[in-house]
1. Could you list the GluC sites (Glu not before Pro) in the stretch 336-428 that lie in coil according to DSSP, counting only those with at most 14 other Cβ atoms within 10 Å of their Cβ?
2. Please list, ordered by chain and number, the residues whose modelled amide H lies under 5 Å from the amide H of Val400; skip anything fewer than 5 residues away on the same chain.
3. In sequence order, what are the phi-derived ³J(HN,Hα) couplings for the stretch 129-141 according to the Karplus relation 6.51 cos²θ - 1.76 cosθ + 1.60 with θ = phi - 60°, rounded to whole Hz, with x for glycine and proline?
4. Please list, by residue number, every one of the trypsin sites (Lys or Arg not before Pro) in the stretch 242-323 that is coil in DSSP and has at most 16 other beta-carbon atoms within 10 Å.
5. Past 22 Å, Cα to Cα: identify those pairs from Lys89/Lys372; Lys98/Lys128; Lys101/Lys474, in the order given.
6. Which pairs, out of Lys214/Lys248; Lys116/Lys214; Lys76/Lys274, put more than 24 Å between their alpha-carbon atoms?
7. When Lys and Arg each count +1 and Asp and Glu each count -1, what net charge do the other residues less than 14 Å away from Ala276, Cβ to Cβ, add up to?
8. For Ala371, what is the net charge nearby, where nearby means another residue's Cβ is under 14 Å from its Cβ and Lys, Arg count +1, Asp, Glu -1?
Amino acid sequence: MSTENNETGGSLADRITKPDEASQPATTTTETPEKISDDGAGTALQGSALQEPDYQVEVKLSDLQADPNNPLFSVKSFEDLGLDPRILKGLSAMSFRKPSKVQERALPLLMQNPPKNLVGQSQSGTGKTAAFVLNVLSRVDISTEEMRATPQALILAPTRELARQIVGVVHAMGQFLDGLSIGTAVPADASARPTRMTAAIVVGTPGTVQEMIKRRVLNPTRLQVLVLDEADNMLDQQGLGDQCIRVKSMLPRTIQVVLFSATFPAHVHRYAAKFAPDANEITLHHDELTVEGIKQLYMDCNSDEEKYTNLVQLYGLLTVGSSIIFVRTRASAVEIEKRMTAEGHTVASLTGGIEGSQRDAVIDAFRNGEAKVLITTNVLARGIDVSTVSLVVNYDIPEVMNPNRQREPDYQTYLHRIGRTGRFGRIGVAISFVSNREEWDMLRQIQQHFSCQIDRIDTSDWDEVERMIKRTIKNSRAQAQFAKNQ
Ligand SMILES: Nc1ncnc2c1ncn2[C@@H]1O[C@H](COP(=O)(O)OP(=O)(O)OP(=O)(O)O)[C@@H](O)[C@H]1O
C-alpha cells in the first residue's frame, strides 16, 4: 500500500505514516481581527451559513435544536453559559443562535476553575470547534500589551488547511475582543524565514510548533490551554503523535489539555486518557456516530475504468453544490484531475504533494465557490467545513493495513470523509464506488460497524440517478425532518 493512503487517515500503529509537514522552517503569521480580510476559513464562517435567506430553513434548524435526540439539541442559551459579552457579540455576528449539544455539555466542563482536562466526542459537523475556541477565548488575558503578545493558548490540528480554518473561527468569534492577536504556525514554503510568535492564541500543526519552540521563537512558558483537534488521528499516527508528545513535554505541567474528535477508537481512547489525565469525558457509542442528514449510497462499477466513467457521468450533479472526491493516492488525484480537465470539466485537486501556498490557493478557491469539484486524498478527510458541500464521493473506499498486513476498512476515515457534507443539520449525499469483491466486503463491514444503511444506486438509468440524487440534495432540512417523524 502506498504511503499516500495515510496522509491524515486514522491509522493503525502499523501503518507507514506520513505526517502532513516536513521539518521546514515555520511560517508564523500573527494577525489581529481588524487586519484580516481573508484567511483559511473565508466566508464559510458565517455560523452554519444559516443566514436564513430562507425562512423555512431557519425554522427547521430550531426544530432540530429542540429535538432531544438530535446532536444539535440544547436547552440552554449561549448567555446561560457565562460567556463574556464581547464573545456573545461575536457569536451573534456569526448567526449562532443556540449552542449544540456538545457545546452545551462541553463548555461548563471546559470553563470550570481550576481547569480540568477534557476528552470530547461528537458527530461530524456538530460544532466542536466552537466548543474549544470559546473556552480558549474565555481564558486568554489580553488586558495588557505584554499579555497580548504572550502565547497563552495553543491549538494543534493535523493539517495546514484545518489549522487555517480554525484561525478563521477564532477571528470570527473573537472579533470584538480588542487587541486579540492570533498566530498561525504551519509549514512554510522553502524561502520563508521563521519569525517570533507574538500572539495570545497560536494555531498550528504539531511539527511546526515543535520546531518553533525548539528554536525559541515560540515561548511556551505562559501557555494555559492545549487543544488537539482531530485528537485520535493526531495521537495515532506515528509522526504526528510523536510530535504532539514532544510539544506537550515542553509545555507547563499544569496546562489544561483538551482533546476533540468525532471518533475515538478504543485503542486511541486509552492512550488519550494518558495524554489528558483525569479528564472529564463526553463520548458516543459507535452506532450513534453517523449523521442523520447524510444519505449514504454506493455504486457498482465493473472496473477501475468504469469508476472514472461513472464519475464523469456524475459531473452535472457534482456541480449542483460543491463536492469532494476522495481517492487513495496523490497520483490518482492528479491523474483524474488531468483527464477530466482534458475532457473539458472544471475540477481542482489538493494533495500533500504540493507546496503550502498552492494548497492555500486551492482550498480558498474551493471555499469561495470558484472551484466546485475538489479531488483529494485523506489529507482533507477531517475537519474541513465548507457548508456548500452537498456531495462526497468515495472513489476508493478508505482502507488500512491491519497488524496482520491485511487490508481492512478504515472506519474512522469513512466517517470523517462523509462528514464533509451534512454539516450542522444540512442534508448531504455520500456515494461510495465499489469495483471489486474486496471493496464490496469493506463497504458491508462499514455498514455493520456503524449499523447504518448504505443503499445501492441503480446506474441503468442515469436520468433517474440524477433525479434521485438531486431530490435528496435539494431536500431541505425541513423535509428530511418531516420524513423522519412520519
Ligand atoms: N451553535 C451553532 N449555531 C449555528 N451554527 C453553528 C453552531 N455551532 C457550529 N456551527 C456551524 O456548524 C458547522 C460545523 O461546525 P464544526 O466545523 O465546528 O464541526 P465539528 O464538530 O468540528 O465537525 P468535524 O468533526 O467534521 O470537524 C460550522 O459551519 C459552524 O460554523
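Here, each number is a calculation from the coordinates, and none is a lab measurement. All of these numbers come straight from a predicted model, not from anything done at the bench. Counting neighbours? That spans all protein chains shown, and the Cβs are built from the backbone with ideal geometry, glycine included.
1. Working: sites: Glu337, Glu343, Glu355, Glu370, Glu399; in loops: Glu343, Glu355, Glu370.
Answer by residue number: Glu343, Glu355, Glu370.
2. Glu408, Asp410
3. So the J values, rounded to whole Hz, are 4, 4, 4, 7, 5, 5, 5, 4, 4, 6, 9, 6, 9.
4. Details: sites: Arg246, Lys248, Arg253, Arg270, Lys274, Lys295, Lys307; in loops: Arg253.
Of the trypsin sites (Lys or Arg not before Pro), the ones in loops of the stretch 242-323 whose Cβ has at most 16 other Cβ atoms within 10 Å are Arg253.
5. With Cα atoms farther than 22 Å apart: Lys89/Lys372; Lys101/Lys474.
6. From the list (Lys214/Lys248; Lys116/Lys214; Lys76/Lys274), the Cα-Cα distance tops 24 Å for Lys116/Lys214; Lys76/Lys274.
7. Details: positive: Lys116, Lys248, Arg253, Arg270, Lys274; negative: Asp229, Asp232, Asp278, Glu281.
It works out to a net charge of +1.
8. Working: positive: Arg359, Arg367, Lys372; negative: Glu161, Glu337, Asp360, Asp364, Glu370.
Taking every Cβ under 14 Å from that of Ala371, the sum is -2.
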